[in-house]
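Structure first, commentary second.
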Amino acid sequence: MKAGGESEGGGSHAAATYKGLRSRRSMGAMSEINVTPLVDVVLVLLLIFMVTAPMMTTGIDVDLPVAERSDDDDPEDRITVTIDARGRVSVSNQPVNIALLEEYLRDLLMRQTRKVAYIRADSTLQYGQVIAVIDKMRKAGVEQFGFAYQPPDEEAGS
């Protein structure tokens, strides 16, 4: 036995191991890429975008003034022209002859600040009948039209 507690063959084993490590490195460059740092960077970028994206869509903070409710917003003051399945016309639940519709609407619109009218037409009407009523409404001075409809959920319940 040698001094220092080494066995006789111990020194040569260490030298062989060192030689083996050196020879592996000298064979060529390592061709594998370590993807762990890449994944870390991608996850950090994803986290940054997830945190900042909602902040970008909020827009500009503005303290808007509160307006008083105007009389035009009352459902009772709205002008609603209804055309039933037989082609009969009524304005705000009052039957009106189609020949007098233009004059009747002109009188109603004189009292309105906004020239808006809503159309309720039966789904079985021909397109031309509705267009004829819209044409008379436009000649009477209606500037904006709204079309009333039933959402699919309410239609099934009726």
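The values are calculated or read from the model by the stated rules, or taken from the named source; none is laboratory data. Owing to the predicted nature of the structure, the values given are computational and were not obtained by experimental measurement. Reconstructed Cβ throughout: ideal geometry from the backbone, glycine too, with neighbour counts over all protein chains shown.
Is it fair to say Ala132 is touching an Asp or Glu at 6+ places or on another chain (Cβ under 7 Å), hydrophobic (A, V, I, L, M, F, W, C) and either in contact (Cβ under 8 Å) with a residue 12 or more places away in the chain or under 14 Å from Val89 (Cα atoms) (or both)? Judged against the criteria, Ala132 is not a match.
Of the candidates Leu109, Leu125, Leu105, the single residue that is of a type in the set (A, V, I, L, M), surrounded by fewer than 17 Cβ atoms within 10 Å (Cβ to Cβ) and out of contact with any Leu (no Cβ under 7 Å at 6 or more places or on another chain) is Leu125. Would a scan of the stretch 51-60 turn up a residue that is at pLDDT 85 or above and farther than 25 Å from Tyr127 by Cβ? Yes: one or more hits.
Considering the stretch 121-154, the residues that are assigned to a helix (DSSP H, G or I) and under 25 Å from the mean Cα position of the chain (by Cα) include one that is modelled with the lowest pLDDT, namely Glu154. Scanning the stretch 68-91 for residues that are assigned to a loop (DSSP other than H, G, I, E, B) and either among the polar types (S, T, N, Q) or at pLDDT 60 or above (or both) yields Glu68, Ser70, Arg78, Asp84, Ala85, Arg86, Gly87, Arg88.
Scanning the stretch 85-102 for residues that are farther than 17 Å from Val142 by Cβ and among the small types (Gly, Ala, Ser), which turns out surrounded by the most Cβ atoms within 10 Å (Cβ to Cβ)? Only one residue tops the list, namely Gly87.
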